1. Rank these residues by their accessible area, most exposed first, probe 1.4 Å: Lys80, Lys372.
2. How much of Trp150 can a 1.4 Å solvent probe reach, expressed as accessible area in Å² and rounded to 10?
3. Let me cross-check Val48: its accessible surface, 1.4 Å probe, with only protein heavy atoms counted, in Å² to the nearest 10?
4. Within the stretch 260-319, list the GluC sites (Glu not before Pro) lying in a DSSP loop whose Cβ has at most 14 other Cβ atoms in a 10 Å radius.
5. Dipole size in debye (nearest 20) for the chain around its Cα centre, Lys and Arg Cβ +1, Asp and Glu Cβ -1?
6. Got a number for the accessible area of Arg303? Probe 1.4 Å, square angstrom, nearest 10.
7. Compute the relative contact order of the chain as a whole-number percentage, counting only Cα pairs closer than 8 Å that sit 6 or more residues apart in sequence.
8. Farthest toward the dipole's positive end in the stretch 129-264, which of Ser215, Ile190, Thr138, given Cβ charges of +1 (Lys, Arg) and -1 (Asp, Glu) about the Cα centre?
Amino acid sequence: MTPSRLQSMGIFWSLIARPLIAVQDSEKAHARTLKAMALSDWFLPSKVLTKILYSRKGAPVEEFGLTFPNPVGVAAGMDKYAEAVRGWESLGFGFMEIGGITEHAQDGNPKPRMFRAGSEKALVNRMGFNNPGSIAMTKRLKYLHDKKRWPNMPVVANIGKSKITPLEEAGADYATTLSRLWPYVDMFIINVSSPNTPNLRELQHDEALKGVLNSCMKAQTEAREEYGGKDKAVLVKIAPDLEDHEILAIVNTARKAGCAGIVATNTTISRPNTTDSKSQKIFAETGGLSGQPLKQRSTEVIRFIADATDGEWPIIGVGGVANADDAWEKIINGASLIQLYSAMVFIGPSIAKKINKGLVAKLKEHGLSDIKQAVGLARKSA
Ligand SMILES: Cc1cc2nc3c(=O)[nH]c(=O)nc-3n(C[C@H](O)[C@H](O)[C@H](O)COP(=O)(O)O)c2cc1C
């Protein structure tokens, strides 16, 4: 594929596909895109073409006992049903997170529940963990493994709490999902930070968090004994709307419980100022805000955790990453890997390729040979 052909595909996306998607309901557009990606994976020519157009060799990262072909991941919520797991690999991502998955199947909140604020490059969502539940998801993942339709990159499961489960029984709900999915995924992220399940964020606090994480670790030990193999990394994902002392408490509890690291951050319930009337309307919607306005706060949280742990506890950085500069900023402040969701909506399928290309250039510019050497660089020089 010549550079001019590639350029024209990019122009096609900017001039035709993106405006077409922009006039569709956000959730419908999202569902159609995932279906197209899943379909494309079944046909060798389209799969090969997608790979040629969008993937590129990135800088591999060894973390959590796994090899990530590059540090750019698909954030939770993007592929809730594991519809297009290999499609993300073809688009050049280095890992993906499926879910959030809850023990019980649930429809999520009434629609509409996902909104675009184009002028701010932000999304507001109140999806509420719409997902097929842990039993159906287990079947889906088993099918993908059996049919050899599994990607050559780590697949992470994001676990949430079922809405019908009371907070006091949350530990068993998370643990059941973890046990069921254990044989099929590479690692787990325990999501106690979504603003869209009533009171879920209360699980970030001391005893409640301890209870949830201990149940998950026990389920992991039992699963390992049953299926064999090694323990899989279990991480906790936190909200950006926490005070420093609350973040510190979560870090201490999660480390004590044996968590392998942390994901910072989920969406925020805060809202930025905007003069754009359309965005003002979107920001008035209830839900979690993601994208550009979250970028700075999420990096602050990453930096705070990296400082508090002397850079010894891996962090996955997520929130407002839209280009290589944003990804680099998160890495040099302490993130070992990064993820994105919103920028995929605004920039399109070339995003992972662009970021990976930029990160490889940044490593070269700084005379570094791998991403690990860049992690926390801003802290070390401070
Ligand atoms: C529509 C939507 C659904 C999401 N669903 C989940 C989810 O199920 N579990 C979770 O941990 N995070 C979920 N997130 C949060 C993202 O994984 C990510 O943390 C957040 O969007 C910030 O990244 P971004 O600025 O790149 O979008 C969701 C985000 C969006 C926009």
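The values are calculated or read from the model by the stated rules, or taken from the named source; none is laboratory data. Predicted, not measured: the structure shown is a model, and the values here were computed from it. Every residue, glycine among them, receives a Cβ derived from its backbone with ideal geometry; neighbour counts consider all protein chains shown. Note: accessible area is taken over every heavy atom of the protein model, side chains too, but ligands, DNA and RNA are not part of it. Shrake-Rupley method; radii C 1.70, N 1.55, O 1.52, S 1.80 Å.
1. Largest accessible area first, the list is Lys372, Lys80.
2. Ignoring ligands and nucleic acids, Trp150 comes out at about 50 Å².
3. It works out to around 70 Å².
4. Glu312
5. Dipole about the Cα centre, nearest 20: 1580 debye.
6. Number for this one is 60 Å².
7. Rounded, it is 17 percent for the chain.
8. After comparing all options, I get Thr138.
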